[in-house]
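Shown next, in structure tokens, is the structure this report addresses.
The values are calculated or read from the model by the stated rules, or taken from the named source; none is laboratory data. Here the structure is a predicted model, which is why all the values come from computation and not from measurement. Reconstructed Cβ throughout: ideal geometry from the backbone, glycine too, with neighbour counts over all protein chains shown. Calculation scope for accessible area: heavy atoms of the full protein, side chains included, ligands and nucleic acids excluded. Shrake-Rupley method; radii C 1.70, N 1.55, O 1.52, S 1.80 Å.
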Amino acid sequence: MNRIPKTIVLIATIAILFLMSPLIGLLQRMPWSGLTNLLGSDIILDAFLLSLFVSFSAALVVFIFGIPIAWVLARSNFSFMKLLRSVVLLPMVLPPVVGGTALLFAFGRQGFLGKWLNDWFGLTLPFTTAGSVVAAVFVSFPFFIVAVESAFRSINEDLERTAETLGASSSKIFLKITLPRIFPSILAGLALSWARALGEFGATITFAGNMPGETQTLPLAIFLALETNPEAALALSLVMIVTSLAILVPFRDQWLPSR
Amino acid sequence: MTMLELNGSLDLEHFTLKVKLEIKKNETVCLLGPNGSGKSTILKLIGGLNKLTAGDLRINTKVIDSGKTFIHSRFRNVGWVPQNQMLFDHLTVKQNIEFSPNSSKKEVSKLIELFDLQHIQNKKAGNCSGGESQRVAISRAIASKPQVLLLDEPSTGLDEKSKQIIYQYLKTQRGVATLLVTHDPVEAASLSQRLIILEKGEITQVGTPDEIKTSPATPYSASLVGLNFVPALANGLVAVTDKGVELILSESIQGQVNIVIPPKSIALYKEKPVGSPRNVLMAKILEIHHFGENVRINLDGQLNFIAEITNNAFEVLNLHKGDEVWAAFKATELITTPT
């Protein structure tokens with residue numbers, strides 16, 4: 001390893017301390033003795049299971065629809081692709097509460113799509129678990145698309161062209177050449193978007209509300225508990241941190257190429 | 001029987017590529033040219049990675065690219081071995097070779113043996129050395145049972161063993177028309193009876209290695225076979241080059257000519273030779289290369305050219321880089337051809 005200049009080490013240390021300080025703050029105030037009781041409570045267990053359900057469902061939807069979107073964005077050079085790319089990435093920069101409001105106007109009972117869903121299928125999204133999933137999908141989509149789109153771009157197209165000259169069908173090329181090569185990026189994108197879905201708060205509370213057992217995911221439960229029962233909020237935060245680390249640590253290497 | 005017939009053009013960024021070539025079944029044709037002359041683009045045209053702007057392309061008499069038709073790469077029966085091989089790194093050597101749906105088990109194992117890949121057939125292609133990769137790439141292309149085989153600089157940077165295996169195969173293969181792009185005139189001459197020289201998108205010469213050696217059509221052709229090449233305007237027994245240098249000729253000729261000066265016909269002197277009925281030019285030594293018995297010296301001055309002298313003469317003259325010398329050559333040694 002190259003020697004790293006001292007100044008760089010100093011700046012990096014300050015940044016790391018900054019990033020760790022909230023975590024230290026949490027752990028320091030954690031009601032360790034009452035933890036088992038708190039964690040056993042129904043509200044926390046419900047919120048935890050709901051969070052897992054919502055975040056994994058969102059990741060599944062993002063996975064199924066994200067690959068084709070990323071493929072189109074990476075491989076088409078129509079002039080409106082630039083605009084389309086910005087639209088797709090919008091949820092990344094939009095305040096989640098704006099996203100939630102927008103979802104309400106689209107999928108709410110009076111929204112142009114929501115009305116139709118309600119009239120034709122009797123389907124209601126706002127203030128339901130499905131609504132939570134929709135909100136999570138909306139905010140986490142761009143994270144997956146960015147990762148997979150850049151992976152598609154990084155593939156030398158001559159590789160696929162060579163496979164074509166060998167007589168292979170486009171589906172064979174996609175499954176045997178393209179997909180295996182972007183697989184690490186798909187995993188990384190899934191982990192990122194799953195993490196975003198797990199932490200989702202603003203769009204969910206706006207669009208799906210905060211109903212225990214139905215739409216009250218971990219972040220919403222923490223927000224509510226902070227007012228009434230700060231110890232529960234701390235315990236919930238611990239649950240979130242542990243869950244996130246358990247999923248994200250194995251993927252750390254996917255984001256940064258290992259040495 | 002003509003297997004490949006290409007007569008067309010393609011507009012590129014800096015120039016228009018214009019090609020007319022024909023390759024027979026069982027024939028290997030070499031395409032030589034400087035970097036950026038469009039050699040690889042011709043292969044891509046035939047492989048279906050580029051589309052002709054005008055003209056047409058036929059394989060086995062069937063039109064596969066013209067104004068009306070464009071057959072997809074997949075259905076062209078063309079084996080393309082690109083310059084950087086484009087192996088499927090995540091698959092094994094064997095999986096690469098049997099990738100084509102046209103490949104047969106029998107053919108694949110035969111190729112693995114021919115290209116000496118048995119011991120690495122289960123190795124990931126991404127872990128292969130340069131020589132192994134090239135052998136895999138060529139086997140993979142051949143396993144797809146092509147009618148036309150396109151090889152882009154197949155021996156660049158390869159180990160001697162891999163080179164020999166590939167050459168051996170190319171010399172004995174049957175049933176295909178092979179177009180081989182190369183930089184290396186020795187490789188071209190040893191693998192092919194017909195060389196095509198391509199410069200800036202245009203074919204500047206077609207001929208056997210011998211024909212190119214005796215009458216190179218351009219400075220590039222001449223440099224390939226180690227000859228000096230000077231275009232000039234002749235008027236009787238004197239020809240004047242672009243830079244205004246006068247050369248004495250042995251036969252009277254009129255108009256634009258190409259003059260070839262064989263490097264071995266040039267003698268070097270430290271002092272200006274006097275009273276000699278020869279062409280005498282002053283020049284500065286740019287580079288000195290030792291080749292066995294001989295020394296090749298790059299000279300720059302009124303003309304830019306190469307002289308080849310013996311080691312003995314080199315030592316007697318005591319020459320160094322940067323020295324100024326006199327170069328002399330007889331008019332009878334010059335090969336003059338009208339253009």
Surface accessible to a 1.4 Å probe, per residue, for the residues of segment A:85-155, Å²: 51
Those lysines that a straight Cα-Cα span of less than 29 Å connects to B:Lys264, excepting residues fewer than 8 apart in one chain: B:Lys213, B:Lys243, B:Lys272, B:Lys284, B:Lys321, B:Lys330
Net lengthening on full extension, B:Leu237/B:Asn122 (0.36 nm per residue, minus Cα-Cα): 34.5 nm
For residues of A:166-176, the mean tally of beta carbons on other chains within 10 Å: 5
Contact order normalised by residue count of segment A:36-255, Cα under 8 Å, 6+ apart, percent: 32
Student exercise, segment B:226-338 dipole from Lys, Arg, Asp, Glu Cβ charges, in Debye to nearest 20: 80
Signed unit charges on C-beta, dipole axis of segment B:1-137, positive-most listed residue B:Ile46, B:Val63, B:Leu12: B:Val63
Förster-model FRET efficiency, 56 Å R0, A:Val97 and B:Phe70, C-beta, rounded to 0.05: 0.60
Formal net charge of residues neighbouring A:Thr206 (Cβ-Cβ distance under 15 Å; K, R +1; D, E -1): 0
Whole-number percent relative contact order across chain B, with pairs defined as alpha carbons under 8 Å at least 6 apart: 16
Rg/Rh for segment A:84-207, where both radii come from Cα atoms and Rh is the Kirkwood radius: 1.13
Compactness of chain B - radius of gyration and Dmax, Cα, Å: 24.0, 76
Quotient of C-alpha Rg and 2.2 N^0.38 Å, computed over segment B:229-298: 1.26
Simple label model, 7 Å out from Cα along Cβ direction - A:Leu60 to B:Glu287, nm: 6.6
Neighbour count of at most 15 Cβ within 10 Å plus DSSP loop: longest GluC sites (Glu not before Pro)-free window in chain B: B:14-270
Three semi-axes of the equivalent ellipsoid, segment B:1-120, Cα gyration tensor, whole Å, largest first: 29, 17, 14
Rg to Rh quotient for segment B:91-205, alpha carbon positions, Kirkwood Rh: 0.99
Highest-MSF residue in chain B out of B:Leu150, B:Leu52, B:Leu21 [GNM, Cα springs under 10 Å]: B:Leu21
DSSP bridge orientation in segment B:2-223 - percent antiparallel, rounded to nearest 5: 55
For segment B:165-173, 3J(HN,Hα) per residue [Karplus equation, 6.51 cos²θ - 1.76 cosθ + 1.60, θ = phi - 60°, Hz, x = Gly/Pro]: 4, 5, 4, 4, 5, 4, 6, 10, 5
Shielding score for A:152-161, defined as the mean number of other chain Cβ atoms within 10 Å: 3
Gaussian network model of chain B, springs between alpha carbon atoms under 10 Å - residue of B:Thr310, B:Thr241, B:Thr218 with greatest fluctuation: B:Thr310
Average beta-carbon neighbours from other chains, 10 Å sphere, peptide B:77-86: 4
Alpha-carbon centroid distance for the pair segment A:72-115 / segment A:149-201, whole angstrom: 23
Cα Rg, Dmax, the protein assembly as shown, angstrom units: 35.6, 115
Taking the convex hull of Cα positions in segment B:273-323, its mean projected area over all directions (nm²): 3.8
Dipole magnitude (debye, nearest 20) for segment B:2-223, charges at Cβ of Lys, Arg, Asp, Glu: 820
Segment B:279-339-segment A:23-53 distance, computed between alpha-carbon centres (Å): 88
Alpha carbon centroid spacing (whole Å) that separates segment B:156-227 from segment A:4-21: 59
Candidates B:Asn228, B:Asn77, B:Asn311: whichever shows maximal mean-square fluctuation once chain B is modelled as a Gaussian network with Cα springs under 10 Å: B:Asn311
Accessible area of segment B:226-338 belonging to carbon and sulfur atoms, whole % at 1.4 Å probe: 52
Solvent-accessible area buried by pairing A with B, both sides, nearest 100 square angstrom, 1.4 angstrom probe: 1800
Hydrodynamic radius by Kirkwood, which averages 1/r over all alpha carbon pairs of segment A:36-255, in angstrom: 18.9
